[in-house]
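What follows is a short report on a single structure.
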Amino acid sequence: MNIQEKEISNTQDIKIAFIGGWGRSGSTLLARILGEIPDFIAVGEVRDVFLRGIIEDRVCGCGNRFSECDFWQSVGKDAYGGWDKLSVKRLQELRLATDKPWHVPALLLPGMRNKTEEALDEYGDILRHLYQSISVVSGAKYIVDASKIASYGAILHRTEGLNPYFIHLVRDPRGTLNSWMKQVHMTDDLDRVRYMPRYNTISGIARYLGYNTEMHAVGSKSQHMLMRYEDLVENPEDEIRAALDFINAENDIDLSNIISNDQVNLGMNHTIAGNPMRHSSGWIELRPDNAWRNKLSKSQQLLIGTLAYPLLKKYNYNVIV
C-alpha cells in the first residue's frame, strides 16, 4: 500500500498529550490517569509500537498480544490496510535516520535538516496516519503518548496534522537513578524473560541530564508545561487539572471516580511499552518514593546532586537532604 495515497477524512489536527523526559519518572502512571478521563485514550509509548508490536508481538495493556488485540489490529487496518502492509526494514531505517538523541539539533533548526528531510517526511507521514487512526478507532479527542524521547517529540511537532502538547515530567534525579538501578522484570513478553535496562550512577545521570535538557529544547518550540512526579503523587487532582487546562481540555468534570485522596482508579487500557504497572487495574495507592534516601549512600546522593545541580535548581529540588 502506498501510504501517501491513503485518503485522509479527518482534516482536524490530532491533539496529543505527549509526556516527555526520561524513564522512571512516572510517565506510565500519568498517562494512565489521563487515559481514564472522558475523551482521552492512553496508548503507552507510541514510539515503540512498530518494534514492540509488529516485530516482537509484545503484550498490550489489555493482556492480549499485539497481534491478538482487537484495538491495535483495527488501528493497523484503518491506518495502512493492515500492519503487514508496512515494511519493517524501512521503518527501522527511518527511525535510525531521524529519531535518535543526536538528531534533535537538526530537527529544531530548519537550516540543518537537509540531509534527513526526505526521511522525516516519509516517517512523519506514517506516524500521521497512525495517530489519526488511533483517534478514529478509539473515538478519543486526545491521545496520551508516553514516548518521552525528545527527538520523537520533535518529529511529531514538525509533522503536519499533529498537534502535540508537551508535558515534561521530571523526578528527583536521586529517586530516578535509584529506580534505574533496580532489577525490574518486564511483564509484556510471553516468549522470553526480559528485564528493564539498568544504569550506574555516571551513565544514569548523563542520561538524566541529556534527555531532560533535550526535552526543554523541544518543549520551547511548542506548547509545554513542567510537572514533577512528587507533586503528581502528593496532589494528583491538582496536577491533573493543571494538565487539562494546559491541553485546553474540558476541566469542569467530576474526577472523584478516578482520583480519591491518595489513590487513583485505573481501568483496562491499550498501552504499548512502559512500566509493568500498565497491567494493573483498580484503585492503586499513590505514595512518594523516598526509598533512595536509604538505598543510596550519602556519597552517591551527593555525587548525583552535584552533577545534576543545574536541573535540581531548575526543578526546585534540594541538593543536600
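The values are calculated or read from the model by the stated rules, or taken from the named source; none is laboratory data. Given the structure is predicted, the values throughout are model-derived calculations rather than measurements. Ideal geometry is used to build each Cβ from the backbone, glycine not excepted, and the neighbour counts take in all protein chains shown.
Things worth noting here:
- Checked against the criterion of being free of Cβ contacts under 8 Å to residues at least 40 places away in the same chain and acidic (D, E), region 84-100 contains one or more residues that satisfy it.
- Number of the exception - L107 against (1) touching a Leu at 6+ places or on another chain (Cβ under 8 Å); (2) modelled with pLDDT of 95 or more: (2)
- Test: A308 is modelled with pLDDT of 90 or more and closer than 17 Å to M227 by Cβ: no
A quick yes/no check of all residues on (1) in a loop (DSSP other than H, G, I, E, B); (2) within 16 Å of the chain's Cα centre (by Cα); (3) basic (K, R):
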{"position": "F18", "(1), (2), (3)": "no, yes, no"}
{"position": "R24", "(1), (2), (3)": "yes, yes, yes"}
{"position": "L29", "(1), (2), (3)": "no, yes, no"}
{"position": "R32", "(1), (2), (3)": "no, yes, yes"}
{"position": "R47", "(1), (2), (3)": "no, yes, yes"}
{"position": "L51", "(1), (2), (3)": "no, yes, no"}
{"position": "I54", "(1), (2), (3)": "no, no, no"}
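For (1) more than 30 Å from W72 (Cβ to Cβ); (2) polar (S, T, N, Q), each residue gets a yes or a no:
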| site | (1), (2) |
| --- | --- |
| P236 | no, no |
| E239 | no, no |
| A243 | no, no |
| N248 | no, yes |
| N265 | no, yes |
| K295 | yes, no |
| S299 | yes, yes |
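- Taken across region 289-298, residues that are within 25 Å of N212 (Cβ to Cβ), assigned to a strand (DSSP E or B) and touching a residue at least 24 places away in the same chain (Cβ under 8 Å) do not occur at all.
- The set of residues in region 176-194 that are under 15 Å from W22 (Cβ atoms) and either of a type in the set (D, E, K, R) or touching a Leu at 6+ places or on another chain (Cβ under 9 Å) (or both) comprises L177, N178, M181.
- Exactly one residue out of L255, L226, L232 is in contact (Cβ under 8 Å) with a residue 40 or more places away in the chain and more than 30 Å from A308 (Cβ to Cβ), and it is L255.
- Residues in region 44-85 that are crowded, with 21+ Cβ neighbours inside 10 Å and touching a Ser or Thr at 6+ places or on another chain (Cβ under 6 Å): G44, E45, V46, R47, G61, V75, A79.
Residue-wise test of (1) surrounded by fewer than 19 Cβ atoms within 10 Å (Cβ to Cβ); (2) over 26 Å from P101 (Cβ atoms); (3) basic (K, R).
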| position | (1), (2), (3) |
| --- | --- |
| A206 | yes, no, no |
| G210 | yes, no, no |
| G219 | no, no, no |
| Q223 | yes, no, no |
| E239 | no, yes, no |
| A242 | yes, yes, no |
| N251 | yes, yes, no |
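- The helices (runs of 4 or more DSSP H) located wholly in region 193-255 that include 3 or more residues which are acidic (D, E) occupy 229-234, 236-247.
- Test set (1) hydroxyl-bearing (S, T, Y); (2) out of contact with any Phe, Trp or Tyr (no Cβ under 7 Å at 6 or more places or on another chain); (3) closer than 24 Å to K15 by Cβ - Y165 fails condition number: (2)
- Selected residue (criterion: nearest to the chain's Cα centre (by Cα)) from residues of region 259-296 that are more than 30 Å from S138 (Cβ to Cβ) and at pLDDT 90 or above: W292
- Evaluation of L266 against (1) out of contact with any Ser or Thr (no Cβ under 6 Å at 6 or more places or on another chain); (2) under 17 Å from G26 (Cβ atoms); (3) touching a residue at least 60 places away in the same chain (Cβ under 8 Å) (one fails), failing number: (1)
- Checked against the criterion of being modelled with pLDDT under 95, at positive phi and touching a Leu at 6+ places or on another chain (Cβ under 7 Å), region 26-39 has at least one qualifying residue.
- Some residue of region 163-185 being hydroxyl-bearing (S, T, Y), part of a loop (DSSP other than H, G, I, E, B) and buried (at least 20 other Cβ atoms within 10 Å of the Cβ): no
- Number of the exception - I284 against (1) free of Cβ contacts under 8 Å to residues at least 60 places away in the same chain; (2) surrounded by 14 or more Cβ atoms within 10 Å (Cβ to Cβ); (3) assigned to a loop (DSSP other than H, G, I, E, B): (3)
- If you go through region 253-276 and keep only what is exposed (fewer than 15 other Cβ atoms within 10 Å of the Cβ), within 29 Å of Y195 (Cβ to Cβ) and out of contact with any Asp or Glu (no Cβ under 8 Å at 6 or more places or on another chain), you end up with just M268.
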